[in-house]
Amino acid sequence: MTNIMVATDGSSGACRAIDVAAELARALACDLLIVTVADRLLGEEVRQLPHTGATAGDLLEALTGQTLKAAQARAREAGPIRIEVRTCWGDVTQSLIDLAAQTSTKMIVVGRRGRGQLAGLLLGSVSQKLVSLAPCAVVVVP
């Protein structure tokens with residue numbers, strides 16, 4: 001079965017990518033793989049989660065679970081498609097490349113971050129790296 005993979009971090013750009021990926025999956029009769037990649041918690045994210053004495057790992061798992069649940073609900077709005085969700089750990093770009101190579105992913109859909117052109121050239125971005133290194137087609141959604 002052919003997969004379309006979409007990466008989400010819960011941002012508005014990722015939400016737009018989910019919309020595009022779900023529509024493509026429906027139109028092409030493909031499965032949709034929604035992926036979030038976790039490596040650490042940001043201070044802002046920690047403040048958004050309820051503090052119940054949980055470990056950082058528990059908090060990170062809760063955050064990724066919330067992100068995937070919201071993404072899956074959003075994708076379901078496109079109509080009847082088969083959706084799988086996964087959490088990967090580590091470097092975002094490498095995790096997505098590795099997962100695409102391990103699955104039957106034919107296309108990766110990602111949102112474009114609102115970073116300026118200079119910052120993107122100096123630091124690189126997930127979308128720029130994926131376009132160069134992914135083993136399949138990459139769609140970058142503005």
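Points to keep in mind about this one:
- Search result, residues across the stretch 1-31 that are under 12 Å from the mean Cα position of the chain (by Cα) and not in a helix (DSSP H, G or I): Ile4, Met5, Val6, Ala7, Thr8, Asp9, Gly10, Ser11
- Contacts under 8 angstrom Cβ, first residue in the stretch 1-26 being surrounded by 24 or more Cβ atoms within 10 Å (Cβ to Cβ), partner of a type in the set (Asp, Glu), 6 or more apart: Ile4/Asp31; Ala22/Glu77; Ala25/Asp31
- Residues in the stretch 73-112 that are touching a helix residue (DSSP H, G or I) at 6+ places or on another chain (Cβ under 7 Å), surrounded by fewer than 18 Cβ atoms within 10 Å (Cβ to Cβ) and of a type in the set (Gly, Ala, Ser): Gly79 only.
Coordinate-derived values only; no laboratory data. From a predicted model like this one, the values you see are computed outputs, not experimental measurements. For neighbour counting, all protein chains shown are included, and Cβ atoms are generated from backbone atoms with ideal geometry for every residue, glycine included.
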